[in-house]
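The values are calculated or read from the model by the stated rules, or taken from the named source; none is laboratory data. Since this is a predicted model, take the numbers as computed values, not measurements. Every residue, glycine among them, receives a Cβ derived from its backbone with ideal geometry; neighbour counts consider all protein chains shown.
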Amino acid sequence: MGCSSCSNGGGIPKGCRNNGSCDLNGCNKLTVFDWLDNMELPSGQTAFEWVEVRFKNGRKEFFHTNGLSLRTGDTVAVEASPGHDIGVVSVTGELVRLQMKKKGFKDRPENTKKVYRIASQRDIDKWIEVRDKESETMFRARDIAKHLNLEMKISDVEFQGDGSKAIFYYTAEDRVDFRQLIKDLASAFSVRIEMRQIGARQEASRLGGIGSCGRELCCSTWLTDFRTVNTSAARYQQLSLNPTKLAGQCGKLKCCLNYELDTYVEALKEFPEPNSVLRTKKGKAFQQKMDIFKGTIWYAYADDPVNWIPLPVKVINEIIEMNNKGEEPASLEELYQEEVEIVEPTFDNAVGEDSLTRFDKPKRKKKRRKKGGPGNQGPDNRPNQKGPGGNRNQPGGDRGRRKKSGDRQSKEGPKASEQGNKPQGKKPGRNRRRGPGRDNNQSNRGGENNA
């Protein structure tokens with residue numbers, strides 16, 4: 001609900017302010033989609049000479065075109081009493097004939113109103129001017145009615161397009177004598193006054209709003225006929241008789257209670273009476289609960305009201321027939337046992353996703369090192385690493401390493417010995433700066449080899 005002209009600009013609500021008479025069909029109340037608009041008429045047939053015109057808050061009337069070629073969305077000046085009114089064409093063509101037949105409108109001379117012309121810019125400016133005064137006029141009229149101590153509520157004001165007349169819509173529980181009110185309103189606004197009493201549902205349809213379902217009110221969007229709603233509709237649908245939940249924005253029972261009522265009434269024909277009693281050899285059973293969608297009724301024995309036994313409607317009807325013949329079953333449990341279907345999983349538990357302890361991993365035990373004596377520790381209080389040659393810190397700890405290096409030199413042969421005897425000079429094309437620590441390491445290696 002809303003068109004592009006209702007967007008904000010500069011932090012100020014822009015809005016078309018057409019109050020339900022927008023010609024873009026984006027925020028209208030009771031909009032009609034003309035699905036015959038783009039279809040051509042058969043040869044030799046003229047277009048229907050009536051149109052439907054929409055006014056403020058969904059008020060619609062039928063007018064004769066008077067030979068004018070009109071399309072949906074045209075702003076027209078139509079006949080009124082007195083003067084003229086401004087409205088927007090909502091439906092044209094053959095669809096108007098169907099609307100007139102639906103609403104029982106008869107084409108008679110006394111009912112015929114004509115379309116004067118397509119509204120000019122001067123007509124539209126005057127229409128906008130008087131429409132801007134409607135809100136202020138309504139609040140002033142409420143103050144006047146309160147000053148006169150009238151038990152009524154003025155809910156809406158609608159000015160005629162030429163500004164010569166104003167219609168005041170009000171709601172009241174009892175009959176109201178507003179003759180003095182009309183005189184005061186006429187002297188305050190200098191226009192012709194017309195008072196129209198409407199009901200609570202008509203008031204909600206004119207004002208609009210959001211229902212408890214989260215959507216716009218049905219009466220302000222598409223619902224036109226208001227049927228009576230009784231509390232029996234809530235009983236048929238197994239709803240709690242809570243007035244705060246069953247009442248709509250108008251204060252009356254919600255119209256949507258009648259939407260599915262026929263379906264519930266049709267389904268309840270197969271169900272037994274709510275006060276039906278099942279007689280068995282075990283005892284009498286009384287009805288406790290009913291589920292219309294599942295077709296199941298819960299019964300409980302008189303001496304054991306805590307345990308409820310679910311029974312399908314078909315089995316209950318068979319028990320009632322047996323009771324009518326003077327027969328009694330042994331118990332309700334023997335006649336019907338609820339079958340529990342075991343549904344096997346359609347997937348393989350390959351990873352173990354069904355296990356509740358799949359994330360509980362066993363803790364690994366840390367291996368503790370054996371503490372040695374004071375003789376097996378080095379100068380930094382760490383245990384000495386023992387190789388095949390013994391302790392590295394002891395004098396004979398490097399024997400195994402020396403023996404391996406000697407074996408490696410013997411295996412490599414004379415070439416390795418010759419290369420080892422060559423003087424180690426700088427390689428050609430390579431400049432590497434050697435520090436004093438590096439030379440010391442080489443000298444130490446040479447000393448080991450000599451040893």
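Things to note:
- Members of the range 319-352 that are at pLDDT below 90 and in contact with a strand residue (DSSP E or B) (Cβ under 8 Å, 6 or more places away or on another chain): 328, 332, 333, 335, 336, 338
- For the range 38-59, a residue qualifies if it is within 24 Å of residue 157 (Cα to Cα) and at pLDDT 90 or above, and the qualifying residues are 52, 53, 54, 55.
- Pair list, Cβ < 6 Å and 6+ apart or interchain, from the range 284-308 residues that are under 27 Å from residue 263 (Cβ atoms) to residues that are small (Gly, Ala, Ser): 288/300; 292/267; 299/285; 308/300
- Residue ID - nearest to residue 289 (Cα to Cα), chosen from residues in the range 210-236 that are part of a loop (DSSP other than H, G, I, E, B) and among the β-branched types (Val, Ile, Thr): 229
- The residues on offer are 132, 177, 85, and the sole one that is of a type in the set (D, E, K, R) and surrounded by 13 or more Cβ atoms within 10 Å (Cβ to Cβ) is 85.
- Residue match in the range 163-175 (condition: in contact with a Phe, Trp or Tyr (Cβ under 6 Å, 6 or more places away or on another chain), under 30 Å from residue 122 (Cβ atoms), assigned to a loop (DSSP other than H, G, I, E, B) and small (Gly, Ala, Ser)): no
- Flag for residue 319 being farther than 30 Å from residue 206 by Cα and either among the small types (Gly, Ala, Ser) or touching a Pro at 6+ places or on another chain (Cβ under 7 Å) (or both): yes
- When the range 243-283 is limited to residues that are of a type in the set (Phe, Trp, Tyr) and without any contact (Cβ under 8 Å) to a residue 40 or more places away in the chain, the one that is farthest from residue 303 (Cα to Cα) turns out to be 259.
- Test: residue in the range 199-209 that is part of a helix (DSSP H, G or I), of a type in the set (S, T, N, Q), out of contact with any His (no Cβ under 7 Å at 6 or more places or on another chain) and in contact (Cβ under 8 Å) with a residue 12 or more places away in the chain: yes
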